[in-house]
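So the structure is just underneath, and the comments pick up after that.
The values are calculated or read from the model by the stated rules, or taken from the named source; none is laboratory data. If you're wondering where the values come from, they're calculated on a predicted model, not measured in any experiment. Quick reminder, even Gly has a Cβ in these numbers, built from the backbone with ideal geometry, and neighbours come from all protein chains shown. Please note that ligands, DNA and RNA were not included when accessible areas were found on the heavy atoms of the full protein model with its side chains. Shrake-Rupley method; radii C 1.70, N 1.55, O 1.52, S 1.80 Å.
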Amino acid sequence: LGVVGDGGRGAPHAAGLAGAPDVVATVTLSKSLGAQGGAVLGPARVIEHLVNTARTFIFDTGLAPAAVGAAREALRMVRSGPELPVRARWVAAEFHRRLTAAGYTAARPDAAVVSVHAPDPVAAVRWAADCRE
């Protein structure tokens, strides 16, 4: 959501499945939208079933109003700036190109997340410490 598909409408939209009566999608609000949490999108009967029977959802805390507001504003920005998803995909592809040119092993991104493979556990821990710093 926010990166893939026409205008960042997500993978179901890109596949021509958005709004289909038997399609359920889960989306993260914390990656491309920079908010927190996630959502399940689908037919009302599925959502009602999850609300009433999914144990992890029943005991979960609802999103903070600020997080919901941040996600809504991010969606508004994506809708009003169709170049944003294109730019996000381009940046990921360019990052991948530069990483591999520098000798790192990285998975080619399908969207905006680039997975970089550390050569060993020690390097992975060092990289994590560098990122925190």
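Total residues in the range 41-59 satisfying the condition of being in contact with a helix residue (DSSP H, G or I) (Cβ under 9 Å, 6 or more places away or on another chain) and more than 15 Å from G19 (Cβ to Cβ): the figure is 5. Selection of first residues in the range 93-119 that are within 24 Å of A11 (Cβ to Cβ) and free of Cβ contacts under 8 Å to residues at least 24 places away in the same chain and of second residues that are open to solvent by 50 Å² or more (accessible area, probe 1.4 Å) and basic (K, R), restricted to Cβ pairs under 7 Å at least 6 apart or on distinct chains, gives the following pairs, ordered by first then second residue: H96/R108. In the range 71-88, how many residues are touching a residue at least 24 places away in the same chain (Cβ under 8 Å) and among the small types (G, A, S)? Residues in the range 71-88 being touching a residue at least 24 places away in the same chain (Cβ under 8 Å) and among the small types (G, A, S): 3 in total.
Of the set (1) in a loop (DSSP other than H, G, I, E, B); (2) modelled with pLDDT under 90; (3) open to solvent by less than 80 Å² (accessible area, probe 1.4 Å); (4) of a type outside the set (D, E, K, R), all apply to V3 but (2).
Scanning the range 21-37 for residues that are in a loop (DSSP other than H, G, I, E, B), surrounded by 11 or more Cβ atoms within 10 Å (Cβ to Cβ) and in contact (Cβ under 8 Å) with a residue 12 or more places away in the chain yields V23, V24, L29, K31, S32, L33, G34, A35, Q36, G37.
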